[in-house]
Each structure stands twice: as structure tokens, then as C-alpha cells.
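Remarks on the structure that follows.
The values are calculated or read from the model by the stated rules, or taken from the named source; none is laboratory data. Please read all numbers here as calculations on a predicted model, not as lab measurements. So basically every Cβ, Gly included, is an ideal-geometry build from the backbone, and we count neighbours across all protein chains shown. The protein model used for the area step is the full one, side chains on, heavy atoms only, and it has no ligands, DNA or RNA in it. Shrake-Rupley method; radii C 1.70, N 1.55, O 1.52, S 1.80 Å.
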Amino acid sequence: MKQEKTGLVLEGGGMRGMFTSGVLDVLLEAGIDFDSMVGVSAGALFGSNFKSRQPGRAIRYNMKYIGHRQYMSYYSLFTTGHFVNNHFSYHRLPNELDPFDFETYKNNPIKFWAVVTDIEQGKALYHEISDARGDGLQWMRASASMPIFAQPLHLAGHTLLDGGIADSIPLKFMHQQGHKRNLIILTQPVGFRKKATHLGPLMHIALPHYPKVAQMIATRHEMYNAQLDYILDSERKGDSFLIYPESTLGVGRLEMDKKKVKAVYDQGVRKAQDLLPAIKEFFQQ
């Protein structure tokens, strides 16, 4: 019997993504692998270390550089238009300060997609990043570019912002790629439901030339909650394995408290360790 293709789906959530990093580090150390993976926002950034086979890298550089205004800061936002500083985070950090293993990433056969939002067309794009050098990191950056806290990025003829605006939990995309058995890492507890936001008018002011952003933000809670229903249905059918925090993680998207960030990472590690036997059984079926 032909083996089913396996997938890994990573939700975003800013620094809540350190929970995901903790889970991924345990999976790496346990030798659990996948045919493909798709990441949204922080899920794409931190998830790239899974493909490059670098457990511990995300928590290491965050513990070292959180609080530095050259990394993530309002100083960077006011001087460059980006809360996460582009030069530091996507040039100095991966090339000099905590080198990203570009060669291992490129040679690893796992397919890696980053979800971005095309804010002119008002839809999600799924960009396969086979090589993280050059524009590869910029696609990851685009996936994690939150409105207000980052300026739109222009890549390959598209104007892009955070992938979570258009597709927060892309399990349906993975199904469309033919991946029947998927592990999904969420950064909110399973009973969470997103509420409507009132940021639409602010989006009209901040991005007056891209009216579809405000429309997507206004209905994002409906999209997100429908996706939760979709993945829970997939779990009930036995096609998906969900990993999620037991309760709200208690950190903001732009969290700068090192102790809180480390606690979120440690929670991800413990959760994955507890579930490791069940995860192995799920993918051996």
C-alpha cells in the first residue's frame, strides 16, 4: 500500500510562536520528519529552523537579542517603518551572529511553503522556498510582516503582508497538495475562538491604497474560526494530529519579556515530550 504523504502545518502568532519552536525542537531531536511543511508568519520564521536542522536556534537568538533596539523595537519601527529590523534580523543575524544553515536547508528534501497575503488582490499566496538565501528570507519576512508594525514588501510583482491576514491555519492548502496525514501546531488553546476586531478603520488610514486589507481584517475572525472547525473535523476523522497549549500563553505578539518568552518555549517542549509516543504512533499507522 502506498504510504500517505505527511505534512506539518504551523500557525503564526508572533512570540507565541516560541511554543511552536519548543515543539519543533523535540520533534527534530526525536527524528520525526515530514514530506512537506507550511508556515504562517512566525510559524514560517521559526519553522525554517526545522528544515535547516538547527534545534535550539530560535530560542537561543531570541534569548540573546530580545531587548536590543537593533532587533525588535519601537526605535526600529519609528526609524525604519519595521518593528522587526530588516538589516539585523534578515542579514546580520542569519549570516553572522547566529548563522542559519542555508546549505542544509537547501539540501533537505522537505518542501517548505510560507503563506503571504497579496494585499492588492486580497488573497493568500503560498510561496515554496527551496533556497533560503536572498529572496527566500524575504518571503519569510513578508509572511511575518504585521500591518502597522511593518511596511508592505514588494516581491516578484506582489505587494505583501502577514500571511495570517488571509490564511491563518493552512491545513486546507496542505490537503490540496495531497498530504493526507498532518501534524498541526497551534499557538492558541483548542477552545479559543477569535472575536471581531475594530481595526478596519485604522487599516484604511494606515494603508489607504490597499482597501482589501481592511476588508480582510474585518472578516478575519470568521475565516479563522471556520479554519478551526475544519481542523477539528480533520482530527475527528483521524487525519490530523493537533498540538496546542493547554491555556492562553500570556504573551503578546511583540513580547519583549525574556522570562515569559522562555516559559512559552519550555511549555512547547514539555507538551511535545508528553505527546511524543502518540505522535510516533499516529505517523506509523
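Mind telling me which of the residues GLY134, GLY67 ends up being open to solvent by 10 Å² or more (accessible area, probe 1.4 Å) and in contact (Cβ under 8 Å) with a residue 12 or more places away in the chain? Testing whether each residue is open to solvent by 10 Å² or more (accessible area, probe 1.4 Å) and in contact (Cβ under 8 Å) with a residue 12 or more places away in the chain leaves just GLY67. Among the residues of segment 3-15, which ones are surrounded by 24 or more Cβ atoms within 10 Å (Cβ to Cβ) and either free of Cβ contacts under 8 Å to residues at least 12 places away in the same chain or in contact with a Gly (Cβ under 6 Å, 6 or more places away or on another chain) (or both)? Correct list: LEU10, GLU11, GLY12. Which of the residues spanning segment 24-55 are more than 14 Å from GLU11 (Cβ to Cβ) and of a type in the set (A, V, I, L, M)? Hits for segment 24-55 are VAL26, LEU27, LEU28, ALA30, ILE32. If you scan segment 209-238, which residues turn out to be open to solvent by 80 Å² or more (accessible area, probe 1.4 Å) and farther than 22 Å from GLY163 by Cβ? Residues satisfying the conditions are ARG236, LYS237. Residue pairs whose Cβ atoms lie under 6 Å apart, sitting 6 or more positions apart in sequence or on different chains, and linking a residue in segment 93-105 that is touching a residue at least 12 places away in the same chain (Cβ under 8 Å) to a partner that is assigned to a helix (DSSP H, G or I) and surrounded by 13 or more Cβ atoms within 10 Å (Cβ to Cβ), are ASP98/TYR61; PHE100/PRO94; TYR105/LYS51. If you check GLY22, GLY56, GLY43, GLY39 for being in contact (Cβ under 8 Å) with a residue 12 or more places away in the chain and either more than 26 Å from ASP167 (Cα to Cα) or aliphatic (A, V, I, L, M) (or both), only one passes: GLY56. Which residue is surrounded by the fewest Cβ atoms within 10 Å (Cβ to Cβ), if the candidates are limited to segment 88-117 and must be of a type in the set (A, V, I, L, M) and assigned to a helix (DSSP H, G or I)? Here the answer is LEU97. Scanning segment 160-193 for residues that are more than 17 Å from VAL40 (Cα to Cα), assigned to a loop (DSSP other than H, G, I, E, B) and touching a residue at least 12 places away in the same chain (Cβ under 8 Å) gives GLY178, PRO189, VAL190, PHE192, ARG193.
Residue count for segment 51-87 satisfying the condition of being outside any loop (DSSP other than H, G, I, E, B) and closer than 25 Å to LEU207 by Cβ: 11. For segment 16-34, the criterion of being open to solvent by 10 Å² or more (accessible area, probe 1.4 Å) and in contact with a His (Cβ under 8 Å, 6 or more places away or on another chain) is met by no residue. Candidates in segment 239-283 are the residues that are without any contact (Cβ under 8 Å) to a residue 40 or more places away in the chain and more than 21 Å from MET18 (Cβ to Cβ); of these, the one that is most open to solvent (accessible area, probe 1.4 Å) is GLU281.
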